[in-house]
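Have a look at the structure below before the remarks.
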Amino acid sequence: MLARLFCWTIASAMAAASPAMAEDGYDLWLRHAKAEGSMPQAIARHATAIMAPGNSATALAARDELVRSLTKIGGVVPALTDAPQEGAIWLATLASAGNLPVKLDGLGQEGYVIRSLTRNGRAMTLIAANSDIGLLYGTYAWLRLAETGASLDRLDVRSAPRVKLRLLNHWDNLDGTVERGYAGQSIWDWWRLPDWKGPRYTDYARANASIGINGTVLNNVNAKSDSLTAPYIAKAAALADVFRPYGIKIYLSVKWTAPMELSGLKTADPMDPQVAAWWKAKANEIYKAIPDFGGFLVKANSEGQPGPQDYKRSHADGANMLAAAVKPHGGIVMWRAFVYAHDNPDDRAKQAYSDFKPLDGQFADNVLVQVKNGAIDFQPREPFHPLFGAMPKTPLMMEFQITKEYLGQSTHLTYLGPLFEETLDADTYAKGKGSTVAKVIDGSLEGHRLTGIAGVANIGVDRDWSGSIFNQADWYAFGRLAWNPDLSAEAIAREWAAQTFSPDPKVVDPVVTMMMGSREAAVDYMTPLGLAHLMGTGHHYGPAPWIADLARPEWNPVYYHKADMRGIGFDRTKTGSNAVAQYAPPVAKMFADPKTTPERDLLWFHHVAWDAKLKSGETLWNSLVHHYDEGVAYVANMQKTWERLRPAVDVERFNQTKAFLGIQYREAKWWRDASLAYFQSIANRPLPSGSLPPEHDLNWYKAQNFPYAPGHP
Ligand code: GCU
């Protein structure tokens with residue numbers, strides 16, 4: 001044993017001594033930069049040695065992570081010890097330590113305790129948990145505290161995840177492309193799997209474990225049946241083997257008609273015994289290769305995907321049939337509620353609720369219904385989805401989009417923490433005041449134990465993983481909020497900035513200020529005051545509010561803004577689609593009246609006259625123009641702030657961000673000018689004084705064409 005430890009320590013020391021890599025973003029928030037000022041001594045004092053008796057792959061991963069990071073932070077390889085030592089970190093489970101001086105009740109398998117204590121007269125830091133994965137999470141939490149400058153003297157932290165399934169959803173295709181991906185090709189090298197398991201998979205697992213993500217759906221919801229064939233199951237199993245020590249289970253998206261496509265069945269009717277038997281056999285085959293396989297994610301009867309409704313069966317019939325197949329193995333089914341039908345003339349925002357609400361109580365107990373944060377589609381801002389709070393008997397899983405399909409794709413700096421937070425904090429009033437979406441998701445509102453939250457990943461093979469340094473913050477924020485939906489987006493931004501750049505407040509403060517207003521700025525320069533879905537067709541890149549000629553009404557931006565000579569906005573009150581009635585009465589009442597509707601959601605729910613006076617006393621038209629102006633001005637301010645940070649940030653990451661802010665400024669202005677050129681052609685009103693006219697005429701904007709915009713299948 002000692003010999004093994006010795007070799008391992010030498011290897012770590014050598015790795016640490018190799019030339020420093022360029023700051024290209026690869027290390028994410030796990031850079032473990034050499035600490036400055038008094039920090040290295042403070043950290044070193046609390047990490048003189050590591051006492052870590054466990055030897056499972058997970059326990060070793062925790063210990064390795066400590067050694068790797070402490071070596072980088074302080075330049076010294078911490079010793080490994082078997083006995084209490086002053087300043088040591090002690091990683092312990094009941095199983096490895098025999099008994100522990102702390103109580104671990106209520107922490108479950110994933111929670112942890114971090115406690116400063118004295119052992120045999122020596123001051124130490126105990127990281128304790130019921131399982132090794134809890135230890136790994138506790139280790140990352142300690143590092144986070146250390147690297148964000150927290151005092152390590154008297155730690156007393158208890159933490160357990162509020163949500164059980166904390167998953168990334170990859171929209172990755174088997175050919176290596178990524179739907180709505182803006183960070184290069186897929187990180188899954190399907191072609192060379194299962195033989196070649198590159199180091200990136202381990203780094204992916206480390207990054208996810210560091211923020212508590214415990215599952216990943218490997219393939220696109222627009223799934224191909226091939227992912228369920230034996231060769232692809234073997235490839236998925238190879239990834240599962242890499243991820244297992246980091247507490248990450250894998251899941252697969254499935255295509256409803258797989259039994260027909262792969263085995264020639266005549267039907268995919270969920271009530272057909274042969275179909276059910278096929279899925280059972282398929283589940284058995286998968287679990288044989290991947291004993292801890294998580295389960296299936298399904299997009300059915302949505303945007304052209306087949307599903308049970310093709311056989312006059314309900315979503316519940318479909319979900320339950322799959323649920324029965326995975327149940328004996330402890331698996332689950334995540335059934336998506338993102339549905340709208342080409343032959344349904346009703347308001348698209350109403351359709352998921354209409355389809356799913358009547359099914360409440362009909363789903364098997366290992367099914368979660370996965371609901372996007374808003375009722376349309378990941379817009380820069382949407383009111384919370386009316387299904388939250390409306391299906392008390394069904395665990396509802398949140399689906400956020402981390403990749404920024406509608407928020408500037410890879411280049412715009414639009415920190416999504418505030419968007420996630422706004423949705424989680426929204427009050428559904430389902431059981432009176434305080435029935436927040438967060439309580440629906442963490443199961444506390446209705447007492448569900450099976451709970452989940454998913455984020456559509458923004459990860460690709462770019463060196464920086466996410467297409468930009470600042471996009472990494474969205475991945476980070478998703479994981480942190482999935483662990484604890486009550487964390488504040490600002491506190492998360494502070495943690496992220498401290499680890500990503502420097503804990504120096506002179507860096508953290510301006511970076512966080514930039515981040516915190518950035519999503520609102522994107523709302524302002526793209527879709528202010530409750531507007532939505534004005535993006536270019538298909539690729540969703542850039543403004544195209546004039547589009548009116550696509551086959552399905554709800555594919556056209558004009559369907560969403562409904563601008564006419566009188567005013568603009570979608571009437572979702574009783575005089576319109578009455579979507580407001582899908583919310584609990586106090587919320588419905590608030591949204592039904594333009595005077596009580598928060599201004600940020602105004603045009604989502606109301607068609608408002610151009611000259612109507614808003615709370616500020618301005619007319620709607622003038623206010624709209626001012627929002628567009630403010631959005632552009634915010635980006636210009638971010639450019640200035642970033643320039644001031646030049647001395648504090650390494651060249652590579654500084655330059656990338658500077659270039660991307662330049663793109664963002666140009667595109668924010670383009671959004672503003674194109675939108676105003678178009679809306680002015682309808683509103684026929686002058687721009688308020690001080691607002692500059694669009695740079696080009698409307699036809700110029702209409703003529704822009706982007707056949708090769710990324711992320712579009
Ligand atoms: C959006 C997105 C699609 C995706 C779909 C989904 O519509 O543009 O690419 O397939 O959402 O969530 O299923």
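The values are calculated or read from the model by the stated rules, or taken from the named source; none is laboratory data. Note that the structure is predicted; figures quoted are calculated from it, not measured. Heads up, the Cβs are rebuilt from the backbone with ideal geometry, glycines too, and the neighbour counts pull from every protein chain shown. Ligands, DNA and RNA are excluded from the accessible area calculation, which covers all protein heavy atoms including side chains. Shrake-Rupley method; radii C 1.70, N 1.55, O 1.52, S 1.80 Å.
Per the Cα gyration tensor, the chain maps to an equivalent ellipsoid with semi-axes of 42, 32, 23 Å, ordered largest to smallest. Other residues with beta-carbon under 14 Å from the beta-carbon of Asp27 carry, at +1 per Lys or Arg and -1 per Asp or Glu, a net charge of -1. Here the extension length gained between Gln41 and Glu86 equals 14.8 nm, from 0.36 nm per residue of separation less the Cα-Cα distance. Stokes-Einstein diffusion of segment 588-661 at 37 °C, 0.692 mPa s viscosity, Kirkwood radius from Cα pairs, rounded to a whole number: 217 µm²/s.
How much FRET efficiency would the formula 1/(1 + (r/R0)^6) give for Asn284 and Asp697, where r is the Cβ-Cβ distance and R0 is 56 Å, rounded to 0.05?
Working: r = 64 Å, r/R0 = 1.14.
So the FRET efficiency works out to roughly 0.30.
About its Cα centre, the dipole of segment 432-579 is roughly 420 debye, where the only charges are +1 on Lys and Arg Cβ and -1 on Asp and Glu Cβ.
Counting helices only, and only those DSSP H runs with n ≥ 4, report the 222 nm mean residue ellipticity of the chain as the sum of -39,500 (n - 2.57) divided by its residues, in deg cm²/dmol to the nearest 500. Only helices count here, giving -12000 deg cm²/dmol. Segment Arg463..Arg666, full-extension length gain: 70.6 nm, with 0.36 nm per residue of separation and the alpha-carbon distance subtracted.
Accessible surface computed residue by residue for segment 466-520, with neighbouring protein chains in place and a 1.4 Å probe, gives 25 Å² per residue.
Magnitude of the Cβ-charge dipole of segment 39-153, K/R +1 and D/E -1, about the Cα centre, nearest 20 debye?
It works out to roughly 200 debye.
Give me log10 I(q)/I(0) at q = 0.12, 0.16, 0.20, 0.21 Å⁻¹ for segment 573-713, Debye formula, one equal scatterer per alpha-carbon, no solvent. Here log10 of I(q) over I(0) equals -0.73, -1.02, -1.15, -1.18.
Counting only protein heavy atoms and a 1.4 Å probe, tell me what percentage of the chain's accessible area is made up of carbon and sulfur. So the carbon and sulfur contribution to the accessible surface is 55 percent. Here is the size of segment 44-87 from its Cα atoms: Rg then Dmax, 10.2, 27 Å. Straight-line reach from Lys702: which lysines have Cα under 21 Å away, leaving out those fewer than 8 places along the same chain? Reachable lysines: Lys562, Lys669. May I ask for the angle, rounded to the nearest 10°, between helix 132-147 and the longest principal axis of the chain, with both axes built from Cα atoms and the value confined to 0 to 90°? With rounding to tens, the tilt is 80 degrees.
A 1.4 Å probe run over segment 554-670, with the rest of the protein chains in place, finds 46 Å² accessible per residue.
Taking the Cα centre of segment 633-713 as origin, sum charge times position over the Cβ atoms of Lys and Arg (+1) and Asp and Glu (-1), and report the length of that vector in debye to the nearest 20.
Details: 10 positive and 7 negative charges, 36 e Å.
So the magnitude is around 180 debye.
Computed over the alpha carbons of segment 647-695, Rg followed by Dmax gives 16.3, 49 Å. For the residue pairs Lys431/Lys574; Lys404/Lys431; Lys431/Lys589, the C-alpha atoms sit more than 21 angstrom apart in Lys431/Lys574; Lys404/Lys431. Over segment 136-275, the reciprocal of the mean inverse Cα-Cα separation, the Kirkwood hydrodynamic radius, stands at 17.3 Å. For the chain, the residue among Ala61, His540, Ala209 whose Cα projects farthest onto the positive side of the dipole built from Cβ charges is Ala61.
Accessible area of Lys372 (1.4 Å probe, protein heavy atoms only, ligands and nucleic acids ignored): about 10 Å². Note that segment 147-223, at 25 °C in a medium of 0.890 mPa s, gets a Stokes-Einstein diffusion coefficient of 162 µm²/s from its Kirkwood radius over C-alpha pairs.
Each Cα pair under 8 Å and six or more residues apart adds its sequence gap; the mean of these over the residue count of segment 306-364 is a relative contact order of 34 percent. Pairwise Cα distances in segment 208-341 exceed 25 Å in 22 percent of cases. Given R0 = 41 Å, the distance between the Cβ atoms of Asp24 and Ser354 translates into a calculated FRET efficiency of 0.30.
Straight distance only, please: which lysines reach the Cα of Lys506 with their own Cα at less than 23 Å, same-chain residues fewer than 8 apart left out? Qualifying lysines at Cα under 23 Å: Lys34, Lys72, Lys640, Lys658.
Packing here is the average count of other Cβ atoms within 10 Å per residue, and on that basis the peptides 446-454, 552-560, highest first, run 446-454, 552-560.
Toward the positive end of the charge dipole of the chain, with +1 on the Cβ of Lys and Arg and -1 on the Cβ of Asp and Glu, the farthest Cα among Gln85, Leu167, His561 is that of Gln85. The angle between the Cα long axis of helix 489-500 and the main principal axis of the chain comes to about 50°, on a 0 to 90 degree scale. Give me the angle, in degrees from 0 to 90, between the Cα long axis of helix 57-74 and the longest principal axis of the Cα atoms of the chain, rounded to the nearest 10. The angle comes out at about 90 degrees. The residues of segment 178-231 expose on average 34 square angstrom of accessible surface per residue, using a 1.4 Å probe on protein heavy atoms.
At an R0 of 41 angstrom, the distance between the Cβ atoms of Gln185 and Arg122 translates into a FRET efficiency of 0.20. Considering only Pro345, Val635, Ala258, the residue lying farthest towards the positive end of the dipole of the chain is Ala258, judged by Cα position with unit charges set on Cβ. At full extension, Thr641 and Val102 could sit 189.4 nm farther apart than now, given 0.36 nm per residue minus the alpha carbon distance. For segment 186-264, a Kirkwood hydrodynamic radius built from all Cα pairs, placed in the Stokes-Einstein relation at 25 °C and 0.890 mPa s, yields a translational diffusion coefficient of 185 µm²/s. The convex hull around the C-alpha trace of segment 455-512, projected and averaged over every direction, spans 4.1 square nanometres.
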